[in-house]
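Report on the following structure.
The values are calculated or read from the model by the stated rules, or taken from the named source; none is laboratory data. Note that this is a predicted model, so its numbers are computed, not measured. Positions of Cβ are backbone-derived with ideal geometry, glycine not excepted, and every protein chain shown enters the neighbour counts. These area figures cover heavy atoms from the full protein model, side chains too; ligands, DNA and RNA do not enter into them. Shrake-Rupley method; radii C 1.70, N 1.55, O 1.52, S 1.80 Å.
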Amino acid sequence: MAISRGLSGRMIDRSAVVGARYMSSWWRSVQPAPKDPILGVTEAFMADPNPDKVNVGVGAYRDDNGKPVVLECVREAERRVAGNLNMEYLPMGGSVKMVEETLKLAYGENSELIKDRRIAAVQALSGTGACRLFADFQKRFCPNSQIYIPVPTWSNHHNIWRDAHVPQKTYHYYHPESRGLDFAAMIDDIKNAPNGSFFLLHPCAHNPTGVDPTEEQWREISHHIKVKGHFPFFDMAYQGFASGDPERDAKSIRIFLEDGHHIGIAQSYAKNMGLYGQRVGCLSVLCEDEKQAVAVKSQLQQLARPMYSNPPVHGALIVSIILGDPDLKKLWLKEVKIMADRIIGMRTALRGNLEKLGSPLSWQHITNQIGMFCYSGLTPEQVDRLTNEFHIYMTRNGRISMAGVTTGNVEYLANAIHQVSKSG
Amino acid sequence: MDSVFAAIVQAPEDPILGVTVAYNKDQSPVKLNLGVGAYRTEEGKPLVLNVVRKAEQLLVNDQYRVKEYLPILGLAEFNKLSAKLILGDDSPAIQRNRVATAQCLSGTGSLRVGAEFLAKHYHEHTIYIPQPSWGNHLKVFTMAGLSVKTYSYYDPTTRGLNFRGLLEDLGAAPAGAVVLLHACAHNPTGVDPTVEQWEQIRKLIRSKGLLPFFDSAYQGFASGSLDADAQPVRMFVADGGECFIAQSYAKNMGLYGERVGALSIVCKAADVASRVESQLKLVIRPMYSNPPIHGASIASTILKNSDMYNEWKIELKAMADRIISMRKQLFDALTAKGTPGDWSHIIKQIGMFTFTGLNGDQVAFMTKEYHIYMTSDGRISMAGLSSGTVPHLADAIHAAVTRAS
């Protein structure tokens, strides 16, 4: 009971007086949240009526007509799923078949680690869900650890580890002057971090910069991480999308595995299988032995249970069917390469157009960078001008989603960029 | 290299999902799974509703369908229809834009997102859950950062509602505390308050300024009527006050593994609902970014098409009726056997589950000797029974109750 004293000093039972009609909202003081910096861009784009508008904001693939794509292999898998299977709950750890196939992609088709059952793995809600599950797991079992996150990174990484209550630090990554990798500073940060820190790594197609270490640089990174006993956690959202070859895109991970690290990996099928809205992914943690993998998996499940009980079945079925059927898998690999090649083609075209326009700036980073995104180097003010004057939508950090560039809009885009940047 | 996770021990099996794991290992031909609450047909098979299959075909045949990310709050059309389903088509709260709705991952996901929102934005971080409640409630709320207390609910002597205890305990709760209410078909007991009792609960909660959080996992499944099962929730919304509602389509649409649900927060005013909505996004984004598209698309297809909606209602009522019939058959079987004790609670309780009143020893006996699987609290899923298996269960209960201890 809420008792208070009235003016006369008598006790008043407020709770008897206060009813629903007299109370104001519990949420009166809830502030309007800022828009998500990435997803808010598409919202703004959708609201714009201008016919020339271009969306190079969110990282979802578009074909050369600017249309979303559902892969042929996916359509076929869906036809096989519809009407044939029930919708029973998956186990907490998700589809065993899907997870098995997914591990092969990351760890290698014939990986000894898979044969020895040393990998604890669960189906997760795409890359976000896999990262969040890992962050919760890290908090629970290494409560005194902190996560090192590259600068810059996908903005949601910061939100994920924050909501999991894991303290975060940053490490140098992008070098603005060269629009490349700040390798020396990155190695310094690895060396200076307290032993046993957790490091978030983008194994390929770094988001948002598109800047990836070379193979030699990866070997050195692996070496220094090993010396310090750090835990390497890979967020792999673009396997196959970077070079067009999934094996090649997993090279950094394979280097770490050769060096004996016990890694964690978040894998997503959002982009490379075009399953975005289905939320299909996988979290894996490499353990010392099978017994430990069983224990770790059981603990990961304990974290999934109070979040969503068990993961969604439909997307997992699609993945299992595609990767489990040699012909469909071949078709998928072909379709992934087509997507990656189109993006590489657009990089060449955008750079070519800017150079043709006589831009005083260097644009070679457009073709040096890899994957879905190009870190243009444009300032927030220049980005605002692109949006306000040219109806071009991108995140204010100057990140261009190359997937949104088409032969139809690349000249318009190049011209607009040139206009806002030509004065230096 | 040593693993940083070397010291991790294996987690115990989830008490509910673990039952199915054990059942699957059993080789006996007469084994019976009365554990997890998933509907089974008379033949003991999982059921995909015809109307769901229809919706699925429509989706797969639509060549224009894409798989783009949904917005963070999910499919807008689904959200509107879900809110209408639980609050009523003509709900003034909806008409006045006082309801913020987010598509979430079934009931669990809706509860978790709601709980995280409360932990972040609400001044009271205690939630009262009924004793007993679904085992996962405690984990969900604790993980979100709320502290969990209980209020009296089930009376083992009557196998009914401990109404006086409930009123006392909620009456003693601090102002502003959150109260979890099972909208209908209480899990695990099947014991629901009457309409009159709900009205008293409502008055008490409002006068104490407590915040109600409804878990609606069985709308339509309890009585067979969607509107009747939604009545407690609608009573609370009709008084103009605020509440949280977690909805699940796992059972009533049979969409279990597709993880379809919605969290609705009914606010006092439209501008509040709008701000609340924006903050919900910040809870969801770092959890899974946006919800899965497939199941919500199926649900939406059904809800918005009046023929399909009517078909759904008919199939839903058939499921509810079959369960009610199982209750009657089990009760009749035990009565005919002269099994000692009062078994009327089997037909008085409602929804998918019966709280048999069997103790842990008796449950273990029934598993060992009769290969009948249930949770150790004596909860049986009526949906797992059929006319063919009722006799076996009745035999087992009879043996468990009459054996010398």
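List the equivalent ellipsoid semi-axes of segment B:268-405 in whole Å, largest first, each obtained as the square root of 5λ for an eigenvalue λ of the Cα gyration tensor.
Output for segment B:268-405: semi-axes of 42, 21, 14 Å.
Counting only protein heavy atoms and using a 1.4 Å probe, what share of the accessible area of segment A:90-324 belongs to carbon plus sulfur, as a whole percent?
Values: 3450 of 7030 Å².
Taking all protein chains in place, segment A:90-324 shows 49 percent carbon and sulfur surface.
Once both labels are modelled 7 Å past Cα along the beta-carbon direction, what's the A:A185-B:A228 spacing in nm?
So the label points at A:A185 and B:A228 sit 6.9 nm apart.
Can you give the mean number of other chain Cβ atoms that lie within 10 Å of the Cβ atoms in peptide A:280-291?
Shielding by partners across A:280-291 averages 2.
Just in segment A:50-153: which GluC sites (Glu not before Pro) are loop by DSSP and have at most 10 other Cβ atoms within 10 Å?
Those that pass, being in a loop and sparsely packed, are A:E109.
For labels at A:Q364 and B:K348 in the simple 7 Å Cα→Cβ model, what's the distance in nm?
Going from the A:Q364 label point to the B:K348 one covers 8.4 nm.
What average number of partner chain Cβ atoms lie no more than 10 Å from the Cβ of the residues making up B:17-25?
Mean inter-chain Cβ contacts per residue within 10 Å come to 1.
Say a paramagnetic label sat at a point 7 Å from the Cα of A:T214, along Cα to Cβ; which residues of segment A:351-383 have their backbone N under 15 Å from it?
Within reach of a label on A:T214: A:368-369.
What Kirkwood hydrodynamic radius, in Å, does chain B give when the mean of 1/r is taken over all pairs of distinct Cα atoms and then inverted?
So the Kirkwood estimate lands at 22.1 Å.
5 Å is the cut-off here: which amide hydrogens, built 1.01 Å from N in the peptide plane, fall below it relative to A:I392, excluding neighbours closer than 5 in sequence?
A:V54, A:T387
With a 1.4 Å probe on protein heavy atoms only, work out how much accessible surface A and B bury together, total over both chains, in Å² to the nearest 100. Don't skip to the end; give the middle numbers.
Numbers: alone 20370 and 18390 Å², together 31190 Å².
Chains A and B together bury roughly 7600 Å² of accessible area.
Leaving out ligands and nucleic acids, and using a 1.4 Å probe, what accessible area per residue does segment B:69-304 come to in Å²?
28 Å²
For the pairs A:K139/A:K226; A:K97/A:K334; A:K139/B:K149; A:K35/B:K139; B:K45/B:K251; A:K271/A:K329, note any where the Cα-Cα span goes beyond 19 Å.
Exceeds cut-off: A:K139/A:K226; A:K97/A:K334; A:K139/B:K149; A:K35/B:K139.
Can you classify segment A:161-228 as rounded, prolate or oblate using the Cα gyration tensor, where a ≥ b ≥ c are the square roots of its eigenvalues, rounded means a/c under 1.5, and otherwise it's prolate if a/b beats b/c and oblate if not?
oblate
Calculate the radius of gyration of the Cα atoms of chain A to one decimal place, then report Dmax, the largest Cα-Cα distance, as a whole number, both in Å.
Rg then Dmax for chain A, in Å: 24.2, 86.
On the principal axes of its Cα set, how long, how wide and how thick is segment B:69-304? Give whole Å, largest value first.
50, 38, 33
What's the center-to-center distance, using Cα atoms, between segment B:350-383 and segment A:358-424 in Å?
64 Å
Nothing charged except the Cβ atoms of Lys and Arg (+1) and of Asp and Glu (-1): what's the magnitude of the dipole of the protein assembly as shown about its Cα centre? Round to the nearest 20 debye. Don't skip to the end; give the middle numbers.
Values: 87 positive and 82 negative charges, 273 e Å.
Value, rounded to 20: 1320 debye.
Starting from the amide H of B:Y151, placed 1.01 Å from N in the peptide plane, find each other amide H under 5 Å away whose residue is 5 or more places distant or on another chain.
Result for B:Y151 returns B:I129, B:Q131.
Once the Cα atoms of helix B:360-370 and of chain B are each reduced to a long axis, what angle between those two axes, in degrees from 0 to 90 to the nearest 10, is obtained?
Helix B:360-370 sits roughly 70 degrees off the main axis of chain B.
Name the residues whose placed amide hydrogens come within less than 5 Å of the amide hydrogen of B:F214, ignoring near sequence neighbours (fewer than 5 apart) on the same chain.
Residues meeting the criterion, in which the H sits 1.01 Å from N, are B:L181, B:F244, B:I245, B:A246.
Between A:V96 and B:D332, take the C-beta separation as r, use R0 = 35 Å, and let me know the FRET efficiency to the nearest 0.05.
Plugging the Cβ-Cβ distance into 1/(1 + (r/R0)^6) gives 0.25.
What's the center-to-center distance, using Cα atoms, between segment B:14-89 and segment A:127-161 in Å?
The two parts, judged by their Cα centres, are 31 Å apart.
Per the Kirkwood definition applied to all pairs of different Cα atoms, how many angstroms is the hydrodynamic radius of segment A:156-270?
For segment A:156-270, the Kirkwood estimate is 14.6 Å.
Could you order peptides B:196-208, B:140-152 by the average number of other Cβ atoms within 10 Å of their residues, highest first? Let's see the in-between values first.
On the way: B:196-208: 17.2, B:140-152: 18.9.
Per-residue Cβ counts within 10 Å, averaged per peptide and sorted highest first, yield B:140-152, B:196-208.
Computed over the Cα atoms of the protein assembly as shown, what is the convex hull's projected area averaged over all directions, in nm²? Mind dumping the intermediate values first?
Working: hull surface 151.1 nm².
Directional mean of the projected Cα hull area for the protein assembly as shown stands at 37.8 nm².
Which whole DSSP H helices in chain A pass both tests: a Cα extent of 15 Å or more along the axis and a mean Kyte-Doolittle value no lower than -1.0?
Details: long enough: A:96-107 (16 Å, 0.24); A:126-141 (23 Å, -0.24); A:215-228 (20 Å, -1.51); A:290-308 (26 Å, -0.54); A:313-324 (16 Å, 2.21); A:326-356 (45 Å, -0.34); A:410-421 (16 Å, 0.38).
Once both thresholds are applied, what remains is A:96-107, A:126-141, A:290-308, A:313-324, A:326-356, A:410-421.
Take segment A:90-324, drop everything but the C-alpha atoms, weight them equally and run the Debye formula without solvent; then report log10 I(q)/I(0) at 0.11, 0.14, 0.16 Å⁻¹ to two decimals.
Each listed q maps to, in turn, -0.50, -0.85, -1.15.
On average, how many beta carbons from a partner chain sit within 10 Å of the beta carbon of a residue in A:80-88?
6
Between segment B:186-227 and segment B:132-160, what is the separation of their alpha carbon centroids in Å?
Taking the Cα centre of each part, segment B:186-227 and segment B:132-160 sit 15 Å apart.
Which of rounded, prolate or oblate describes segment A:273-371 when judged by the alpha-carbon gyration tensor and an a/c cut-off of 1.5?
Prolate shape, in that a/c is at least 1.5 and a/b is the bigger ratio.
What fraction of the DSSP beta bridges in the protein assembly as shown is antiparallel, stated in percent and rounded to the nearest 5?
Numbers: 38 of 74 bridges.
Within the protein assembly as shown, antiparallel bridges account for around 50 percent of the total.
Is segment B:302-365 rounded, prolate or oblate when judged by the Cα gyration tensor, a ≥ b ≥ c being the square roots of its eigenvalues, rounded requiring a/c under 1.5 and prolate requiring a/b larger than b/c?
Verdict is prolate for segment B:302-365.
Whats the longest run of chain A with zero trypsin sites (Lys or Arg not before Pro) that are DSSP loop and have at most 10 other Cβ atoms within 10 Å?
Working: sites that count: A:R10, A:R21.
Answer from the scan: A:22-424.
Projecting each Cα onto the charge dipole of the protein assembly as shown (Lys/Arg +1, Asp/Glu -1 at the beta carbon, about the Cα centre), which of A:T153, A:G260, A:L275 comes out farthest on the positive side?
A:T153
Got a sec to turn the phi values of segment B:274-284 into Karplus ³J(HN,Hα) couplings, 6.51 cos²θ - 1.76 cosθ + 1.60 with θ = phi - 60°, whole Hz, x for Gly and Pro?
Running phi through 6.51 cos²θ - 1.76 cosθ + 1.60 with θ = phi - 60° gives 5, 5, 4, 4, 5, 6, 4, 4, 6, 7, 6 Hz.
Set the Förster radius R0 to 22 Å, insert the Cβ-Cβ distance between A:D245 and B:Q63 as r into 1/(1 + (r/R0)^6), and round the FRET efficiency to 0.05.
0.15
In nanometres, what is the gap between the two model label sites at B:E13 and A:R75, each 7 Å from Cα along Cα-to-Cβ?
Using points 7 Å along Cα→Cβ, the separation is 4.5 nm.
Which FRET efficiency value, to the nearest 0.05, is calculated for A:L113 and B:Q200 with the Förster distance at 51 angstrom and r the Cβ-Cβ distance?
Calculated value: 0.25.
Give the relative contact order (percent, whole number) for segment B:196-264; include only Cα pairs under 8 Å separated by 6+ residues.
Once divided by the residue count of segment B:196-264, the mean separation gives 30 percent.
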